[in-house]
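Chemist: Could you have a look at this structure, given as C-alpha cells, before my questions?
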Amino acid sequence: MAIPKTAILHYTAPPIVGGVEAVIQAHTQMFTQTNHRVTVIAGRGEPGALPPGVEFELMPEVDSQHPQVVQMSAALEQGRVPAAFAGFASQLAEMLVPILRQFDNVIVHNVFTKHFNLPLTAALHQLLTAGTLPHCIAWCHDFTWTSPNSLSKVHPGYPWDLLRTQHPAVTYVVVSQRRQQALAELFGCLPEQIQVVYNGIDPQQLLGLSNGGAALVKRLGLLDSDLVLLMPVRVTQAKNIEYAMQVVAALKSHGFQTRLVITGPPDPHDSESMAYFHSLQTLRKKLDVAEEVRFVFESGPNPEKPFFIDSLVVGDLFRVSDVMFMPSHREGFGMPVLEAGLAGVPVVCTNVPVAEEIGGGDVMVFEANQNPIDIAERILAWADESAMHRLRRRVRQNYTWLAIFERDIAPLLHPGGKPKC
C-alpha cells in the first residue's frame, strides 16, 4: 500500500504555544518517525520549530489573527455578516486549491467546529461541495456551539451554522468518548459516525530518557510489557539470576507478558563468570523465556558485540521498570534497594542487610530458598492490586503517541479506514 501524502491545517503551528499546536507537534513527529510524508499549513509558525522532515507552508490568511479575519470576526460575533465575507471566503478557497491538490489527505484541526476563522470554514465547505478537497479529516478538539464561553459569538444561520453541520465527505475525529457524544448531539447523528482518537504521551520526553536509554528500551520491548522486572546487577552467581528466570517462567505461565532486564555484564576475562553466563543462556532457552529474560550485555545495536551501559542509562531503566527484583544469595549492602527507593520503584528482594535495616516494611522480602512460583504469585497479586501499576501499564501499552498513531491515526489516512480501538 502506497504511503499517502498528508497536510495538516490549523490557524497556527509551533512555536506558537497551545494545546492544538502541541498535538500537531506530536502528530508530525509520529508521521516522520513512521516514514509518512506530512506538511503543515498554517497562518503563523516556523518550519524550524517542527520535527525534522516536516514541510511547512505559510498562508497568513489562515491565521485567526490575520487583520481581515479579525475585522470580520468582530462583526460576525455581533451577528452581522460583513459584505466582504463571501469574497474573502472564495479567495481563501482559490488559494488553498493549488496547495491541497498535492495531498491525499488533509487533517483540519478545529476549523470545522470553532468560530476563530469563519471565512476559512466557509472556504473549506466550498471546496468540499466542488469536490476539489482531498480526503478530509476534521480533528475536532472543541465546539463553539456547545461551549458556554463562546456560544454567544455564534448565531443561527449562515455562516455560523457551518460549525454544527456534518458534511458527508468529512471524517470527523474527537479526542474522547464524551466529546464524541457531544458532537453527535450537535450534528444530530449517531456517535458511531464520529471517530475517537485519544491524545498521547512521549515516554522519552516525560521520563527524561537519554537517546541511548530510549533506544535500549525499544530494543528490549519494555513499553509493550505487562511487567518489567529490573536487576541492576552484574552477572555473578551471588545474584541468583537463575532463580529470577524461574520466577519469570512462572509469571509467563499465568499469561503475563514479562521482561526481566539484567543490566550488568559477566566478566569477559573470567572463565567462571563467562561459564555462568552461558549456563544462564542455556537455562533461559530450557525455561522458554528467551524473549522475556534480557541481558543488556547482549542487547546492543549489534547483538554480536558485547554491550555496556553507564549509570545514566541504568537510571533510564529504573524509570521504565515496575519492580526492582534482587533475589541475591548475599549482598555486601545492596545499593539497588536505595536506588529503587529514590526512583520510586517497588522492591522485591531477599533479606539482604539493606532490606531489613533501611527497607523495613516498605519492601517485599523473601527467603532465597522460597519456591519461585510463590514469589511469582506474590508479584502478580501486587500487580493486580496496585492501581498505580494498572494505570502505568495501560498508558504505556496504549497511549504513547506511537501506539496511537499506528493503531488509530494511520488507518484514517486510507479510504474507509477507521481506528482499530
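Chemist: Of the conditions (1) more than 35 Å from the chain's Cα centre (by Cα); (2) buried (at least 16 other Cβ atoms within 10 Å of the Cβ), Arg80 clears all except one; give me its number.
Modeler: (2)
Chemist: Here's a follow-up. Of the conditions (1) in a loop (DSSP other than H, G, I, E, B); (2) buried (at least 22 other Cβ atoms within 10 Å of the Cβ); (3) touching a residue at least 40 places away in the same chain (Cβ under 8 Å), Pro119 clears all except one; give me its number.
Modeler: (1)
Chemist: I've got another one for you. Scan segment 372-382 and tell me whether some residue there is outside any helix (DSSP H, G or I) and at pLDDT 95 or above. Walk me through it before giving the result.
Modeler: Our first condition is that a residue be outside any helix (DSSP H, G or I); within segment 372-382, this holds for none.
No; the residues of segment 372-382 include none that is outside any helix (DSSP H, G or I) and at pLDDT 95 or above.
Every residue, every condition in (1) out of contact with any Gly (no Cβ under 6 Å at 6 or more places or on another chain); (2) surrounded by 20 or more Cβ atoms within 10 Å (Cβ to Cβ); (3) not in a loop (DSSP other than H, G, I, E, B), yes or no:
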position: Leu124; (1), (2), (3): yes, yes, yes
position: Leu128; (1), (2), (3): yes, no, yes
position: Leu133; (1), (2), (3): yes, yes, no
position: Ile137; (1), (2), (3): yes, yes, yes
position: His141; (1), (2), (3): yes, no, no
position: Pro148; (1), (2), (3): yes, no, no
position: Pro156; (1), (2), (3): yes, no, no
position: Leu162; (1), (2), (3): yes, no, yes
position: Pro168; (1), (2), (3): yes, no, no
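Chemist: In segment 1-84, which strands (runs of 3 or more DSSP E) lie fully inside it and hold 3 or more residues that are closer than 17 Å to His141 by Cα?
Modeler: Details: elements: 5-12, 37-44, 55-58.
Filter on segment 1-84 gives 5-12.
Chemist: Taking the residues in segment 170-186 that are buried (at least 17 other Cβ atoms within 10 Å of the Cβ) and not β-branched (Val, Ile, Thr) as candidates, determine which candidate is nearest to Pro415 (Cα to Cα).
Modeler: At the first step, the residues of segment 170-186 found to be buried (at least 17 other Cβ atoms within 10 Å of the Cβ) are 170-175, 179-180, 182-184, 186.
Next, only the ones that are not β-branched (Val, Ile, Thr) stay: 172, 179-180, 182-184, 186.
Values: Tyr172: 14, Arg179: 24, Gln180: 21, Ala182: 25, Leu183: 22, Ala184: 22, Leu186: 25 Å.
This residue is Tyr172.
Chemist: On to the next question. Any residue in segment 284-301 that is farther than 16 Å from Arg234 by Cβ sitting within a Cβ distance under 7 Å of a residue that is surrounded by fewer than 19 Cβ atoms within 10 Å (Cβ to Cβ) and of a type in the set (Gly, Ala, Ser)? List the pairs, counting only those 6 or more apart or interchain.
Modeler: Arg284/Ala290
Chemist: Restricting to segment 320-360, count the residues that are surrounded by 17 or more Cβ atoms within 10 Å (Cβ to Cβ) and charged (D, E, K, R).
Modeler: Number of matching residues: 3.
Chemist: Does Pro353 qualify as being touching a residue at least 60 places away in the same chain (Cβ under 8 Å), in the same structural domain as Arg392 (by TED's automatic domain parsing) and over 27 Å from the mean Cα position of the chain (by Cα)? Talk me through it step by step, then tell me what you get.
Modeler: Numbers: touching a residue at least 60 places away in the same chain (Cβ under 8 Å): no; in the same structural domain as Arg392 (by TED's automatic domain parsing): yes; over 27 Å from the mean Cα position of the chain (by Cα): yes.
So Pro353 fails the test.
Chemist: Looking at Asn302 and the list (1) part of a helix (DSSP H, G or I); (2) more than 25 Å from Ser253 (Cα to Cα); (3) over 25 Å from the mean Cα position of the chain (by Cα), which single condition is not satisfied?
Modeler: Checking Asn302 against (1) part of a helix (DSSP H, G or I); (2) more than 25 Å from Ser253 (Cα to Cα); (3) over 25 Å from the mean Cα position of the chain (by Cα), the one that fails is (1).
Chemist: Looking at this structure, is Leu338 out of contact with any His (no Cβ under 9 Å at 6 or more places or on another chain), assigned to a helix (DSSP H, G or I) and more than 19 Å from Pro203 (Cβ to Cβ)?
Modeler: Numbers: out of contact with any His (no Cβ under 9 Å at 6 or more places or on another chain): yes; assigned to a helix (DSSP H, G or I): yes; more than 19 Å from Pro203 (Cβ to Cβ): yes.
Here the answer is yes, as Leu338 does meet what is asked.
Chemist: Cβ-Cβ distance below 8 Å, separation of 6 or more or different chains: which pairs start in segment 246-271 with a residue that is surrounded by fewer than 20 Cβ atoms within 10 Å (Cβ to Cβ) and among the charged types (D, E, K, R) and end on one that is outside any loop (DSSP other than H, G, I, E, B) and at pLDDT 95 or above?
Modeler: Pairs that qualify, where the first residue is surrounded by fewer than 20 Cβ atoms within 10 Å (Cβ to Cβ) and among the charged types (D, E, K, R) and the partner is outside any loop (DSSP other than H, G, I, E, B) and at pLDDT 95 or above, are Lys252/Thr258.
Chemist: Please go through segment 2-23 and give me each residue that is surrounded by 22 or more Cβ atoms within 10 Å (Cβ to Cβ), touching a residue at least 40 places away in the same chain (Cβ under 8 Å) and farther than 20 Å from Leu92 by Cβ, ordered by number.
Modeler: Thr6
The values are calculated or read from the model by the stated rules, or taken from the named source; none is laboratory data. Only a predicted model underlies this, so the values are computations on that prediction, with no experimental measurement involved. So basically every Cβ, Gly included, is an ideal-geometry build from the backbone, and we count neighbours across all protein chains shown.
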